[in-house]
1. Could you please let me know if Ile160 is open to solvent by 60 Å² or more (accessible area, probe 1.4 Å) and under 14 Å from the mean Cα position of the chain (by Cα)?
2. Looking only at the range 90-125, how many residues end up being more than 12 Å from the chain's Cα centre (by Cα) and open to solvent by 60 Å² or more (accessible area, probe 1.4 Å)?
3. Out of Ala14, Ala18, report the one residue that is open to solvent by less than 50 Å² (accessible area, probe 1.4 Å), closer than 23 Å to Asp131 by Cβ and not in a strand (DSSP E or B).
4. Go through the range 32-52 residue by residue and tally those that are under 21 Å from the mean Cα position of the chain (by Cα) and either in a helix (DSSP H, G or I) or more than 16 Å from Glu17 (Cα to Cα) (or both).
5. I'd like the full set of residues that are open to solvent by 60 Å² or more (accessible area, probe 1.4 Å) and either among the acidic types (Asp, Glu) or in contact with a Cys (Cβ under 6 Å, 6 or more places away or on another chain) (or both), limited to the range 38-60.
6. So, of the residues in the range 24-35 that are in contact with a helix residue (DSSP H, G or I) (Cβ under 8 Å, 6 or more places away or on another chain) and surrounded by fewer than 19 Cβ atoms within 10 Å (Cβ to Cβ), which turns out to be nearest to Asn147 (Cα to Cα)?
7. So how many residues does the range 74-89 have that are over 18 Å from Ala129 (Cα atoms), of a type outside the set (A, V, I, L, M, F, W, C) and open to solvent by less than 40 Å² (accessible area, probe 1.4 Å)?
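The values are calculated or read from the model by the stated rules, or taken from the named source; none is laboratory data. Please read all numbers here as calculations on a predicted model, not as lab measurements. Here the Cβ positions follow ideal geometry from the backbone for every residue, glycine too, while neighbour counts run over all protein chains shown. Calculation scope for accessible area: heavy atoms of the full protein, side chains included, ligands and nucleic acids excluded. Shrake-Rupley method; radii C 1.70, N 1.55, O 1.52, S 1.80 Å.
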Amino acid sequence: KELTCPVNLLFVGALNEAKGVGQLLEIAEQLLFAKVPFSLKIVGDGPDIKRYQSWCVEHGISDMIYFLGWIPHNELGRVYSEAHIILLPSQSEGWPKVLSEAMAYGVVPIASNVSSIPQILNECRCGRAVDPEDLEGFCQAIMDYVNHPDLWEREKISGIKFAGKFTYTAYLDSVKNMFLKAWGINLDRP
């Protein structure tokens with residue numbers, strides 16, 4: 001896929017403040033003011049969904065925001081395949097599985113600079129880590145990709161290549177190698 005306008009933004013997760021949904025909507029509002037053509041699909045559910053939907057109407061961004069609700073995991077591929085950028089302005093995370101899933105589909109992440117996110121994004125040379133309170137930083141990162149689609153393309157390819165490190169098979173191989181090393185077994189020797 002290619003980065004085109006409107007840029008297709010995506011959020012996947014629980015709809016609450018800890019996951020940054022309030023910030024996500026404010027980012028969308030800032031993009032509207034900056035005249036950046038976009039659409040934002042929000043996948044997930046939570047008790048605050050009606051409040052978030054009302055906020056979108058009150059702030060004039062409801063035409064660009066699509067609340068898709070909860071989607072079964074086996075159907076998420078369709079949503080990932082349509083997206084250009086996944087946003088995750090969470091206050092706290094480990095390594096969010098949705099980022100590696102999205103990267104496997106060529107979606108470039110812009111996520112909070114919490115926990116291991118900056119380290120892993122730097123290692124895979126894909127995406128940006130931004131302070132979760134820095135709404136302008138999130139907007140600037142989106143605009144950088146829109147204004148430099150070649151940068152987005154390079155990072156998309158890097159993310160696809162790196163995403164394979166997060167498969168279940170890669171995890172099992174890593175655990176097996178950890179135990180073999182701990183036991184002093186070297187399978188590379190004849």
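1. On the way: open to solvent by 60 Å² or more (accessible area, probe 1.4 Å): yes; under 14 Å from the mean Cα position of the chain (by Cα): yes.
Here the answer is yes, as Ile160 does meet what is asked.
2. So the answer is 8.
3. Values: Ala18 fails: open to solvent by less than 50 Å² (accessible area, probe 1.4 Å).
So the residue among Ala14, Ala18 that is open to solvent by less than 50 Å² (accessible area, probe 1.4 Å), closer than 23 Å to Asp131 by Cβ and not in a strand (DSSP E or B) is Ala14.
4. Residues flagged as under 21 Å from the mean Cα position of the chain (by Cα) and either in a helix (DSSP H, G or I) or more than 16 Å from Glu17 (Cα to Cα) (or both) within the range 32-52 amount to 9.
5. Residues satisfying the conditions are Asp45, Glu58.
6. Filtering first and then ranking leaves Ala34.
7. Pass one, the range 74-89, residues over 18 Å from Ala129 (Cα atoms): 74-83.
Retained after the next criterion (residues that are of a type outside the set (A, V, I, L, M, F, W, C)): 74-75, 77-78, 80-82.
Add one more test, that the residue is open to solvent by less than 40 Å² (accessible area, probe 1.4 Å), and what stays is 77, 80.
The number of residues fulfilling the criteria is 2.
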